[in-house]
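The structure under discussion appears below in the form of structure tokens.
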Amino acid sequence: MAAARAAAAAISMVMLCLFAISVIAEDPYVYYIWNVSYGTISPMGAPKQAILINDQFPGPEINCTSNNNIVVNVFNNLDEPLLFTWHGIQLRKNSWQDGTPGTMCAIQPSTNFTYKFQVKDQIGTYFYYPSTGLHRTAGGVGGLRVFSRLLIPVPYPDPEAEHWFLIGDFYRKSHKALRDTLDNGGSLGMPDGVLINGQTSRLFFNDNKPQFTMKPGKTYKLRICNVGSKDSLNFRIQGHPMTLVETEGSHTVQNTYESLDVHVGQCFTVLITANQEPRDYMVIASTRFAPYYVEGKAVINYEGSKKGASLFLPFAPITWFWSRNQFRSFRWNLTASAARPNPQGSYHYGQINITRTIKLANSYSIEGGKLRYSINGVSHVDPETPLKLAEYYGVGDKVFKYNLISDNPDDGLMSKVNVAPNVLNATYRDFIEIIFENPTMSVQSYNLDGYSFFLVG
């Protein structure tokens, strides 16, 4: 009996040590060093000053797994302050690494700053971009992918390979020239083109380098993000329907689409199968909901084929309600095992009482010679002191005022734009319904870029 008790005690000690190790151990770290500088690119023939990361345009990929800790040391070699934001990354309980003027001071020229954040309980396709001074129009964008942890099943077989498609509107003017245009009361206007992974291809030329080569019969995963500044884009691949498997960090019911409307800031993960005639195929991204039509093209091809793409290219849909209906067809895959954005209340949305409803309506006018866009009559500007820092140090009342806008816009107040930091106060754990109204256009793109406001809990 004594020997048995001793053995049991030894086993208990081992289990206790293993438990202590599991508690103390951190999630893995992934490290990156970025040198941000100006460079010259010519994706449409004419040279343009661009923002490069490690001499790359688009920038390098951040490749990580759910719960990884990401460390990015950014050296700013530009002549202007710089910030990077991680679009779609939740930064739970910590907004100090968000990389926006509301939370952080900018990285000054000839200095560096190290971002540290965790992709906690997230999977899927995201991207990063510079968040100040219209730098995004000059580059500095790149993909950020978060894989599921090992042993957590993914609701589709492993693909042969996966590839990025970073699409976005493109302006030949520099970001400084575009900034001057806005400061003088103008608008960005019509883009000069659409880029796909930083370039565009020509249909009738044989010198187009394919984005990737497919093996017949194999399935490939594509990560698609609209990293542009203004335009929603329709994305389609000649002869290859796309099966949607993930968006906004969640696995979806696997519907198949001939094309996808990708709004600014939106990302999709899709699967395509190489089951067509071996030859080149065109990838097309074209503008939607605009008084102009601009498109970009890229090429994918089949292994061993030298046959060019067909001249019969697929068209984009025309109506805005087509896009709305497509958006409504997206469904969350509740049977998939993966990180979920809101595990506490995700299955009970229909049973949760709405605590507060906020209606946000946009408008625009010329104020002080500048074209200003606003939400509920307030056009947001960033103060010299970041909002969160001002709040943290107890000087918020000297930097901004809460609730300059009401929960319901007043037509009379919206006729006169107030230029100020736009900060709404909210109560922690309130269930808030937000309604977007876009009276200036016939289509709502479900994106607030350019109409910034902060919701503080």
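Sticking with the crude label model, points 7 Å out along Cα→Cβ, report the distance from Asn63 to Glu295 in nm, one decimal please.
3.3 nm
Taking a probe of 1.4 Å, how large is the accessible area per residue of the chain, in Å²? Numbers along the way, then the final one.
Numbers: 22940 Å² over 457 residues.
Ligands and nucleic acids excluded, the result is 50 Å² per residue.
Report the charge-dipole magnitude of the chain in Debye, nearest 20, computed about the Cα centre from +1 at each Lys and Arg Cβ and -1 at each Asp and Glu Cβ.
Numbers: 39 positive and 37 negative charges, 114 e Å.
Once rounded to the nearest 20, the dipole reads 540 debye.
May I ask you to evaluate 6.51 cos²θ - 1.76 cosθ + 1.60, the Karplus curve with θ = phi - 60°, for each residue of the range 259-274 and list the ³J(HN,Hα) values in order in whole Hz, giving x for glycine and proline?
Coupling constants for the range 259-274: 8, 10, 7, 10, 7, 4, x, 9, 10, 10, 10, 10, 10, 10, 10, 7 Hz.
FRET efficiency for Thr40 and Thr427, Cβ-Cβ distance as r, R0 = 51 Å, nearest 0.05? Mind showing how you got there, number by number?
Working: r = 50 Å, r/R0 = 0.99.
The pair Thr40/Thr427 has a calculated efficiency of 0.50.
Could you tell me which residue out of Tyr428, His380, Thr243 lies farthest along the dipole of the chain toward its positive end? Charges go on the beta carbon: Lys and Arg +1, Asp and Glu -1, centred on the Cα centre.
Result: Thr243.
Report, in listed order, any pair from Lys93/Lys173; Lys359/Lys388; Lys230/Lys416; Lys173/Lys359; Lys116/Lys359; Lys297/Lys388 with a Cα-Cα distance greater than 31 Å.
Over 31 Å Cα-Cα: Lys93/Lys173; Lys173/Lys359; Lys116/Lys359; Lys297/Lys388.
Can you name the helices of the chain, as whole DSSP H runs, whose Cα span along the helix axis is 24 Å or more and whose Kyte-Doolittle mean is not below 1.6? Could you put the intermediate results ahead of the total?
Working: long enough: 2-24 (33 Å, 2.12).
Qualifying helices, which must be both long enough and hydrophobic enough, are 2-24.
In debye, nearest 20: dipole of the range 42-195 around its Cα centre with unit charges on the Cβ of K, R (+) and D, E (-)? The partial results should precede the final answer.
Details: 12 positive and 13 negative charges, 70 e Å.
Value, rounded to 20: 340 debye.
Assuming R0 = 25 Å, can you tell me the calculated FRET efficiency for the pair Leu311 and Lys209, based on Cβ-Cβ distance, to the nearest 0.05? Don't jump to the answer; show the numbers that get you there.
Details: r = 20 Å, r/R0 = 0.79.
For Leu311 and Lys209, the calculated efficiency is 0.80.
Indicate the gyration tensor shape class of the range 182-300 (rounded, prolate or oblate), computed on the Cα atoms with a ≥ b ≥ c the square roots of the eigenvalues: a/c under 1.5 is rounded; otherwise a/b larger than b/c is prolate and the rest oblate.
On the way: a/c = 2.51, a/b = 1.39, b/c = 1.81.
It comes out oblate by the Cα gyration axes.
Given H placed on each backbone N at 1.01 Å, which residues far from Asn255 in sequence or on other chains put an amide H within less than 5 Å of it?
Leu244
The values are calculated or read from the model by the stated rules, or taken from the named source; none is laboratory data. This is a predicted model, so every value here is computed, not measured. Virtual Cβ from ideal backbone geometry, glycine too; neighbours counted across all protein chains shown. Only protein heavy atoms, including side chains, enter the accessible area calculation; ligands, DNA and RNA are left aside. Shrake-Rupley method; radii C 1.70, N 1.55, O 1.52, S 1.80 Å.
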